[in-house]
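Reading through the structure tokens given below for one structure.
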């Protein structure tokens, strides 16, 4: 049986490591909770696997340890922040809290953030908003990085540009978190390190040839990930990627047209209160009808049943909260040098 670690113990452990770098207590708590939530939901490349990188960024001053975002614009339903390279999980939580409050009087509130640090797993932010009876959209891009080629191209220009969203039904929220590329940079790096392959031709090599080898993304003549849809329908993922870039860097007014500052994020988030459009009851009636119809749809061969987006992740979350998180191999080992450095005791399995 695989060893499991209590989610509470992992949050305490991560928070202590972050505090060891001098990160303010409130921010350390937010980052720790978001990273562990990513692992709870099963997004193992965007959970605690990110923590060693975050600790390095904090220690070397590339992630800010203290301070607040600078307000660049503030209208009732449209807010723009400069994140001052503060931790993305803390910034995103603060922005979502603000947007949720304002959505209840304005119907909707959008916050865009330039110069945030990395956000980790976008799905980790969704459930608390949907459980308030609200709808949320969240996306981000990293203007200092690439990874994805435009449809028909062979060199990386933009990032996988995820889009996450959630909304309530009468049987719990629908939650989605999808990239506008076939896969992520994080999974590509993991597979390369492990000598693995993609399940299909998810990338192109430096010559533009489709490949299942993640190593083709690295080296002197690197290739790129393909947009969502791959070689056949990648024009769709390409178009969606450009949309995310416009919502994040475009609306924030800062991005790829500016000098790179290192690992970062531009963020778009929007919260909507269905009660100020139609009524909350009518919203739930519509979303619940469709969710139920999808669940009752007869499955095609190879599928046990039809599930809703986020259903498997929420089930995994409940199981791991009860039985402990089954961490991806190597995560605790990667954190061990930091634990020794800061005198923090690792959690027991």
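Derivation of every value follows stated rules applied to the coordinates shown; laboratory data play no part. Here the structure is a predicted model, which means the values were calculated and not measured. Cβ: placed from backbone, ideal geometry, glycine included. Neighbour counts: every protein chain shown.
Over segment 183-225, the pair-distance histogram of Cα-Cα distances with 10 Å bins from zero comes to 35, 60, 5 percent, rounded to whole numbers. Could you tell me the center-to-center distance, by alpha carbons, between segment 209-230 and segment 25-100 in angstrom? Using only Cα atoms to place each centre, the spacing works out to 30 Å. Of the beta bridges in segment 43-170, as assigned by DSSP with both residues counted there, near 65 percent are antiparallel.
Going by a ≥ b ≥ c, the root eigenvalues of the Cα gyration tensor, does segment 204-349 fall in the rounded group (a/c under 1.5), the prolate group (a/b larger than b/c) or the oblate group?
Details: a/c = 1.43, a/b = 1.15, b/c = 1.25.
Judged from the Cα gyration tensor, segment 204-349 comes out rounded (a/c under 1.5).
Would you list 204, 178 from fewest to most Cβ contacts within 10 Å?
Details: 204 22, 178 17.
Neighbour counts put them in this order, fewest first: 178, 204.
Estimated from helical segments only, the mean residue ellipticity of the chain at 222 nm is -12000 deg cm²/dmol, where each DSSP H run of four or more residues counts as -39500 (n - 2.57). Inter-label distance, residue 281 to residue 155: 6.0 nm, where each label sits 7 Å from its Cα along the C-beta direction. Once the Cβ-Cβ distance of residue 289 and residue 322 is raised to the sixth power relative to R0 = 41 Å, the FRET efficiency obtained is 0.85. In plain terms, the residue of 182, 331, 325, 113 with the fewest other Cβ atoms within 10 Å comes first and the most crowded comes last, giving 331, 182, 325, 113.
Inter-part distance, segment 281-349 to segment 186-205, computed on C-alpha centroids, equals 23 Å. With the simple model of a label 7 Å out from the Cα in the direction of the Cβ, residue 212 to residue 60 spans 3.5 nm. Available extension along the chain between residue 257 and residue 306 is 13.3 nm, counting 0.36 nm per residue and deducting the alpha carbon span.
By the count of neighbouring beta-carbon atoms within 10 Å, fewest first, 33, 194 end up ordered 194, 33. Sketch the reach of a paramagnetic label on residue 131 as a point 7 Å from Cα along Cα-to-Cβ, and name the residues of segment 15-53 whose backbone nitrogen lies under 17 Å away. 30, 33-42, by backbone N distance to the label point.
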